[in-house]
């Protein structure tokens, strides 16, 4: 008899675990909406930061900075990841692909602060300049492994009948991959790319010593730039109430963008659970 | 193919991004360093930008240690620090670095103690005892004896210090080293030390935030941070025995003795000075400017800014509770600006 | 492959310039080359990363040797650098995080894999994945303004009152410290434990469960005594994965851990982690030895996460292979 009771208790406990986990997300979202929502204003989106201690500043440059960084990250990371994934799935033998996969997993697990240090040594020091470029490189490096493994995975999923049909029609390998296989896998690949970008959009640590920070607009790509995650960190750890309010609002914007991207992509693009979970 | 199309769009965007905003005639300077004077610097750079719209001086307050390091690595155009660079650090620089004092500020003991709203008096022994971890409770005799009539709770003192390399830490530890041989021997003075106790906050901003949020805390911050954030701060006993609160007068008094005998490189410590009205934990804060610039446009902007800073700029300090530079120092600086090539 | 246009003839395989040119014109070779270069770039970047970490930490490594790992002092003034406080902080916060996240994650995974109907299971896993997508700095934001005050005013005093006899829960309640950082980390890594454990549980062959139930076990007994042990290795893998993630977390930790390189038995004490000290001190380390010591810390972190991730992948692969019948149980 008590076995049945134990059964009921333990099973409900597991349900409780799920409830706790899931409700945390809704709680976070709710709290941010509550605290950040009231400070979202036209000022916030269009003004530059005000001098320390004065109110009325905004985050326009941080938002644009984040977008520019994402653009660079995509430009560096996506081609390498994509083409590398094609290599693993379509060409390649035994040793090199194994090495590449292993290295991709390795790079994926490297803490983002270490990648930031690497980008500092690689880009900032030789250039003697903090820059959007350095930040873009750091984020780009983080994008590569996810895109690579994801591309490989979806390319492999494309049924061999499609490939063989294309060969039968006289295509060479490159044409087959480019015109038949890639398009067939494109949805999944795009999923992976967008999710990888959504992930790096929220990264703070790699930007601390690369993109640095900027109180003004950052023209071009060679100047330091402000970015949403870094400014949230700066303002949240400061004492000014005005900064705190801006940090909440910025947190809401950032989280909103990340969650919306994740939800849209996973619901409409993804076909299943076979993309990398990292 | 679609992929090619997407990439060409992106490439066009990139080119546009590079071209569109890089207007000619803009001079963009990047600087980094002390959080101690950050409020006045951000005001100044903003004012200067309003007056000269083609100049943008982007100052990031990452702490004096960061300012010195980034300057030595040459990733910023100039730095800022409240702890003057040491001879060793100056030797490692590839071009000579000049120190230019900008304002006078004060490092004050700010606290968050239940039931205490007014000013507490701190003796040098109390402060060094607290930071060494020997005085652990608010109602310890070391503090209580200087504050007769104040009801101090028996709560633990939560010490707050800097987690980053800080000129404010330099000023504070410089003072403690002068008044406490034990501190001098055990810890020493530097922008980054091995703190015996306490929580670490990043920047004056972070320490202020911790004091704000942590009951029972005591930390050292620049005066304006306490004022802007409505944090109480105490009086400190100076070398003449008087308990002095940091304000424009007491900080200026601290610099008075040194004003006439300022060394040529402007590196000087004014903690624990002579003078009945002097606040004992005050300091100059410096901009660290390379003596040689390769970019003439930047050099001219820097020189012009420095000239503006020691004259018109000084008018904005007092509103933010920084004391103006003594006029002898200003005169000396104007001559020194000519050294920048 | 049957002869396709552009197939290489023996003449083409020669190395004369004309033959090379002919081969290059064959798009296959170019494609192979380009994609190979892309893959090689990844290898190059990673190799460069490891090289940089190794070389830039040389000064500290030669000066301190193995002592680096057992020295407690971190004194930039005296030039004495020891990694112990940071390693300790990293491990303690991760341990707290695991202690909280593993029961939650595995428990939740059991529910999702064994009890919930498939659709509910997928949607709830979806929500959990969204939790994994929340940026670290947002957790930090909530940690500083929401969790720290609650810890200081409610939870820590309660722990002190009821469990204060344990050295773990002694000392003043700052709100900031190992425990708070551990809790924030726990929330961040639960989704990883949950989703990977769920997958490995689902991969356990059906007949295992049914055999247990046929023998009269309750659902719980079937799960706990048969399915979970079968998936045990994969669950360990998920734990290692979550641990690797926790070790490298920077922003959320530095905002709530107190940033004091101290070793203390109490969870209420402020501390420091490797990632947090790198974030705080890297951009201002003056002097080559200081910088080199920091980079050596970075190297240590890198190696830790490298080993853990490798083990994790191995364990997960083994379990899913077993479950799908590829490997014998």
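Computed quantities for the displayed model
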item	result
Only one of A:116, A:53, A:136 that is touching a residue at least 24 places away in the same chain (Cβ under 8 Å), in contact with a helix residue (DSSP H, G or I) (Cβ under 7 Å, 6 or more places away or on another chain), surrounded by fewer than 24 Cβ atoms within 10 Å (Cβ to Cβ) and within 29 Å of residue B:35 (Cα to Cα)	A:53
Identity of the residue in the stretch B:72-93, facing chain C (nearest Cβ under 10 Å) and part of a helix (DSSP H, G or I), that ends up nearest to residue B:312 (Cα to Cα)	B:72
Selection count where residues are part of a loop (DSSP other than H, G, I, E, B) and touching a strand residue (DSSP E or B) at 6+ places or on another chain (Cβ under 9 Å), scope the stretch C:48-95	4
The lone exception for residue A:229 - which of (1) in a helix (DSSP H, G or I); (2) in contact (Cβ under 8 Å) with a residue 24 or more places away in the chain; (3) more than 7 Å from every other protein chain (Cβ to nearest Cβ) it fails	(3)
All helices (runs of 4 or more DSSP H) inside the stretch A:1-101 with 3 or more residues being within 10 Å of chain C (Cβ to nearest Cβ)	A:2-37, A:60-90
Leading residue by the ranking (surrounded by the most Cβ atoms within 10 Å (Cβ to Cβ)) among those in the stretch C:125-134 that are within 7 Å of chain A (Cβ to nearest Cβ) and touching a helix residue (DSSP H, G or I) at 6+ places or on another chain (Cβ under 6 Å)	C:128
Total residues in the stretch B:136-165, condition farther than 24 Å from residue C:272 by Cβ and either touching a helix residue (DSSP H, G or I) at 6+ places or on another chain (Cβ under 6 Å) or without any contact (Cβ under 8 Å) to a residue 40 or more places away in the chain (or both)	15
Positions within the stretch A:173-219 being assigned to a loop (DSSP other than H, G, I, E, B), in contact (Cβ under 8 Å) with a residue 24 or more places away in the chain and surrounded by fewer than 21 Cβ atoms within 10 Å (Cβ to Cβ), in sequence order	A:216, A:217
Residues that are over 27 Å from residue B:88 (Cβ atoms), in a loop (DSSP other than H, G, I, E, B) and in contact with a helix residue (DSSP H, G or I) (Cβ under 6 Å, 6 or more places away or on another chain), drawn from the stretch B:237-272	B:246, B:260
3 or more residues closer than 22 Å to residue C:147 by Cα, in contact with a helix residue (DSSP H, G or I) (Cβ under 8 Å, 6 or more places away or on another chain) and facing another protein chain (nearest Cβ under 10 Å): qualifying helices (runs of 4 or more DSSP H) within the stretch C:208-315	C:232-248, C:251-256, C:274-281
Check on residue B:252, touching a strand residue (DSSP E or B) at 6+ places or on another chain (Cβ under 6 Å), more than 17 Å from residue B:173 (Cα to Cα), within 14 Å of chain C (Cβ to nearest Cβ) and touching a residue at least 40 places away in the same chain (Cβ under 8 Å)	no
Residue identified as within 15 Å of the chain's Cα centre (by Cα) and at negative phi among C:277, C:300, C:318	C:300
Selection within the stretch B:28-44 - more than 26 Å from residue C:281 (Cβ to Cβ) and either at the interface with chain A (Cβ under 8 Å from one of its Cβ atoms) or modelled with pLDDT under 90 (or both)	B:28, B:43
Conditions (1) more than 25 Å from the chain's Cα centre (by Cα); (2) under 18 Å from residue A:243 (Cβ atoms); number of the one not met by residue A:92	(2)
Residue satisfying all of: in the stretch B:206-223; closer than 21 Å to residue B:251 by Cβ and under 16 Å from the mean Cα position of the chain (by Cα); nearest to the other protein chains (Cβ to nearest Cβ) among these	B:208
Only one of A:199, A:215, A:163 that is within 12 Å of chain C (Cβ to nearest Cβ) and closer than 30 Å to residue B:75 by Cα	A:199
Flag if residue C:45 is within 25 Å of residue B:191 (Cα to Cα) and in a helix (DSSP H, G or I)	no
Scope the stretch C:190-207; condition surrounded by 24 or more Cβ atoms within 10 Å (Cβ to Cβ) and assigned to a loop (DSSP other than H, G, I, E, B); matching residues	C:204
Filter pass, residue C:34 being at pLDDT below 90 and within 8 Å of chain A (Cβ to nearest Cβ)	yes
Which numbered condition residue B:188 misses (of (1) part of a helix (DSSP H, G or I); (2) surrounded by fewer than 22 Cβ atoms within 10 Å (Cβ to Cβ); (3) within 14 Å of chain C (Cβ to nearest Cβ))	(1)
Filter result for residue C:182 (within 30 Å of residue A:241 (Cα to Cα) and either over 21 Å from the mean Cα position of the chain (by Cα) or at pLDDT 85 or above (or both))	yes
Selection within the stretch C:135-189 - in contact with a helix residue (DSSP H, G or I) (Cβ under 6 Å, 6 or more places away or on another chain), away from chain A (no Cβ under 14 Å) and part of a loop (DSSP other than H, G, I, E, B)	C:173, C:175
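The values are calculated or read from the model by the stated rules, or taken from the named source; none is laboratory data. Computed from a prediction, not measured in an experiment: that's the story for all the values here. Cβ coordinates were reconstructed from backbone atoms using ideal geometry, including for glycine residues, and neighbour counts include every protein chain displayed.
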